[in-house]
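Shown next, in structure tokens, is the structure this report addresses.
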Amino acid sequence: MEKIEITVRGMTCEHCVKRVEKALLSTGKARNVKVDLATGKVSFEKEESLSLEEIKNNIEVFGYKVEI
């Protein structure tokens, strides 16, 4: 498992946090997801087979902006 930290812009509430968590966990290849609403920082562990592009697409479909 590789540890990753990304920034997600556009989150404004706890509902947003849950959406981002769900977007990552739904891949089945991410674990230990932690979202900091105040900073927009999202940290998690990912399997090697989960690409950064897949992560970005899964989150941005909800209207957020991902900075990797």
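Some values worked out for this structure:
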| read-out | value |
| --- | --- |
| Karplus-derived HN-Hα couplings along region 38-50 (A = 6.51, B = -1.76, C = 1.60, θ = phi - 60°), whole Hz, x at Gly and Pro | 5, 9, x, 7, 10, 10, 6, 10, 10, 6, 4, 6, 8 |
| Accessible area per residue in Å² at 1.4 Å probe, computed on the chain | 61 Å² |
| Average Cα contact separation per residue, the chain, under 8 Å, 6 or more apart, as relative contact order % | 45 percent |
| Surface accessible to a 1.4 Å probe, K18 within the full protein complex, Å² | 120 Å² |
| Size of charge dipole - the chain - debye, nearest 20, with Cβ of Lys, Arg +1 and Asp, Glu -1, no other charges | 220 debye |
| Accessible carbon and sulfur surface of the chain relative to its total accessible area, %, 1.4 Å | 48 percent |
| Reciprocal of mean inverse Cα separation for the chain (Kirkwood radius, Å) | 11.6 Å |
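The values are calculated or read from the model by the stated rules, or taken from the named source; none is laboratory data. Keep in mind that this is a model prediction, so the values were computed, not measured. No Cβ is skipped: glycine too gets one built from the backbone with ideal geometry, and neighbour counts run over all protein chains shown. Just so you know, the surface numbers come from the protein's heavy atoms only, side chains and all, with ligands and any DNA or RNA stripped out. Shrake-Rupley method; radii C 1.70, N 1.55, O 1.52, S 1.80 Å.
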